[in-house]
């Protein structure tokens, strides 16, 4: 079974530029998550989708971050404009459903460096 | 709100010795607890979870964890560490059945020396 796919793996941009990350979850997984992992910290949830609807985006900086999952499968996370403090690894995860016993499976992440 | 503490930034052990990575949690309801491991330039890999039942949970790669409600702890253990266990370990918690948000600790770097 293929795992969670993410691209690109690495991205370097200058501040105020825009950037987009792509995630393809495990086949059949209804729930998709985007996390931000700053160096030296644990992952922090940015947004959670159930199929193509948003379940939780309370920690998403909506003035600059946006995410979509239009067809309920793959997802895109965008930052516009980027700030220096956005330098982090962006992790995508998926689970079968958003149930209490469901395990989240993570992709390899996209490492973003904002100069 | 739920939270997780991993009191040790780093744990160093010799190969063949027991390995323990500590985790304490705070929730308002019943905790659902997870351990993940992260190797360099790779995503998080699931090791094990506690939802209910037996306090001792067995997981992947010979790891186990013990849930202790009175001490609000969920320490990860391995009886005999391998050099290949060297990685970054994260403890995570959900606050009961009505909150699906997973909150992670800051992580513990484990180094196993040959």
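All of the numbers you see were taken from the coordinates with simple rules; none came from a lab. None of these values were measured; they are calculated from a predicted model. Quick reminder, even Gly has a Cβ in these numbers, built from the backbone with ideal geometry, and neighbours come from all protein chains shown.
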Original post:
Please state the equivalent ellipsoid semi-axes for the protein assembly as shown: what are the square roots of 5 times the Cα gyration tensor eigenvalues, largest first, in whole Å?
Top reply: 30, 21, 16
Original post:
Which order results if B:54, B:99 are arranged by neighbouring Cβ count within 10 Å, fewest first?
Top reply: B:54, B:99
**OP:** For region A:15-45 and region B:1-58, write down the distance between their C-alpha centroids in whole Å.
**Re:** 21
**OP:** Quick one, can you get me the convex hull of the C-alpha atoms of region B:1-58 expressed as volume per residue in Å³?
**Re:** 127
Subject >> Neighbouring partner chain Cβ atoms per residue of B:47-57, average, 10 Å criterion >> reply: 1
Original post:
Short version: what are the Cα gyration tensor semi-axes of region B:64-114, square root of 5 times each eigenvalue, largest first, in whole Å?
Top reply: 26, 14, 8
**OP:** Put one equal scatterer on each alpha carbon of chain B, apply the Debye formula with no solvent term, and list log10 I(q)/I(0) at q = 0.23 1/Å to two decimals.
**Re:** -1.33
Original post:
When the Cα atoms of chain A are enclosed in a convex hull and the volume is divided per residue, what value in Å³ results?
Top reply: 97
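Taking only the Cα atoms of region A:58-107, how large is their convex hull per residue, in Å³?
About 109 Å³ per residue, rounded to a whole number.
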